[in-house]
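Step one of this worksheet: look at the structure below.
What follows draws every value from the coordinates through simple rules; no lab data is involved. No experiment lies behind these values; they were computed from the predicted model shown. In this analysis, Cβ positions are derived from the backbone assuming ideal geometry, glycine residues included, and neighbour counts consider all displayed protein chains.
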Amino acid sequence: MVQLLQKNYNKISDLKAEVIAISHESVVENKKIHQQHKLKYISLSDPTAKTIRDYKVLDFGRFPKVSFFIVDKQGIIRWRSTHSGANPDDLPKIDDLLKAIQLA
């Protein structure tokens, strides 16, 4: 998922939307990952998993997981995922993500 969103960030940004990732990692670890992958999008740290729980993006309903959101210019979440990338065949198609933003 990281690579899909990174590769297509400019297309998403051109539609006046923003990608936001929320991780349960510490701020230090999250910053290291952000720099290592040279992420173009926002990556937030939620070590207590409060926000992750509030947005109901827990794996198996209980475990914190890295979550990805696309938010439109009005601040409305148009798409969300907790896809780990373990099975690349399950990745969403970028055209489907762009359509979700354009329908806003």
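Here are a few things to note about the model shown:
- Cα long-axis angle, helix 27-36 against the chain (0 to 90 degrees, to the nearest 10): 50 degrees
- All Cα pairs of region 2-102, percent lying beyond 16 Å: 57 percent
- Those residues of region 51-66 whose amide nitrogen sits under 17 Å from the label point placed on Leu44, 7 Å along Cα→Cβ: 51-58, 64-66
- Residues listed by number, region 6-22, amide nitrogen under 14 Å from Ile94 label point at 7 Å toward C-beta: 6-15
- Cα-centred dipole magnitude for the chain, charges only on beta-carbon of K, R (+1) and D, E (-1), debye, nearest 20: 180 debye
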